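Data block below; observations after.
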Amino acid sequence: MVVTRVETTTIQMTRTGSTRSGTGERHHWTQTCCDAAAEGRTLHVRIHTRSVVPAFGTRNYHEDVRERVRRLADAGTIDDVSVEAWGNQVGTSHSEHVDAETAATVETYLAWADRHDVALPFEERHCNSALIDDTYTVLVPPHLLLAVADGDGTVLGVAPTVNGSESVSVMDLLTLLADRTDHDDQRASVSA
């Protein structure tokens with residue numbers, strides 16, 4: 001009999017510098033993303049999924065996100081889009097068997113979240129395996145994660161973010177980008 005023990009914790013970071021949901025004000029980091037879009041800066045979007053074949057019940061959401069991203073790209077708001085499947089677990093830099101590039105990307109996103117006092121919904125699992133006589137830690141990513149970076153690769157925003165009852169979903173962020181772009185397009189056509 002092989003015994004593997006898994007302990008699960010959720011990585012949580014508090015959020016400051018943001019406003020309460022429902023006040024009509026944007027969170028500071030979402031404003032940064034919207035300002036970059038309004039200024040016409042080069043924006044790169046990275047979509048990270050657990051699988052290229054979405055899990056049951058998430059297919060429509062994945063398709064809606066990809067369609068929204070496509071429309072933003074067609075409108076010129078987004079300059080570049082990439083999609084990467086991470087799998088159901090992501091090794092950390094403390095793991096022996098890890099994809100270094102993926103671990104570095106996750107660490108970049110977690111560092112961004114820490115600077116902006118938000119939490120990304122990764123679940124941390126500590127595993128002890130009698131089969132391979134090893135203890136290791138993995139992160140379980142959300143089904144879909146979206147990152148926005150500027151032309152030099154600086155991360156401007158990552159969604160979804162959570163903090164208690166407040167959250168910014170992937171669609172919330174894409175809607176804010178679309179609304180900001182639509183608002184600026186309307187203002188430009190009125191002044192023309």
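Numbers for the structure displayed
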read-out	value
Filtered residues of segment 48-70 (kept if in a helix (DSSP H, G or I) and either surrounded by 14 or more Cβ atoms within 10 Å (Cβ to Cβ) or free of Cβ contacts under 8 Å to residues at least 40 places away in the same chain (or both))	R59, N60, Y61, H62, E63, V65, R66, E67, R68, V69, R70
Hits in segment 71-91 - residues which are surrounded by 18 or more Cβ atoms within 10 Å (Cβ to Cβ) and more than 15 Å from the chain's Cα centre (by Cα)	L72, T77, I78, G91
Whichever residue in segment 35-47 is in contact with a Ser or Thr (Cβ under 8 Å, 6 or more places away or on another chain) and assigned to a helix (DSSP H, G or I) and, among such residues, is nearest to T77 (Cα to Cα)	A37
Per-region count, segment 101-132, residues in contact (Cβ under 8 Å) with a residue 60 or more places away in the chain, among the aliphatic types (A, V, I, L, M) and in a loop (DSSP other than H, G, I, E, B)	4
The listed residue being within 23 Å of M171 (Cβ to Cβ) and among the charged types (D, E, K, R), out of E101, E107, E67, E124	E67
Selection within segment 52-63 - modelled with pLDDT of 90 or more and within 15 Å of L145 (Cβ to Cβ)	Y61, H62
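Every residue, every condition in (1) more than 26 Å from H62 (Cβ to Cβ); (2) in contact with a helix residue (DSSP H, G or I) (Cβ under 6 Å, 6 or more places away or on another chain); (3) modelled with pLDDT under 90; (4) surrounded by fewer than 18 Cβ atoms within 10 Å (Cβ to Cβ), yes or no:
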position: I132; (1), (2), (3), (4): yes, no, yes, yes
position: L139; (1), (2), (3), (4): no, no, yes, no
position: P142; (1), (2), (3), (4): no, no, no, no
position: G153; (1), (2), (3), (4): no, no, no, yes
position: T175; (1), (2), (3), (4): no, no, no, yes
position: S189; (1), (2), (3), (4): yes, no, yes, yes
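The values are calculated or read from the model by the stated rules, or taken from the named source; none is laboratory data. This is a predicted model, so every value here is computed, not measured. Cβ atoms come from the backbone with ideal geometry, glycine included; neighbour counts cover every protein chain shown.
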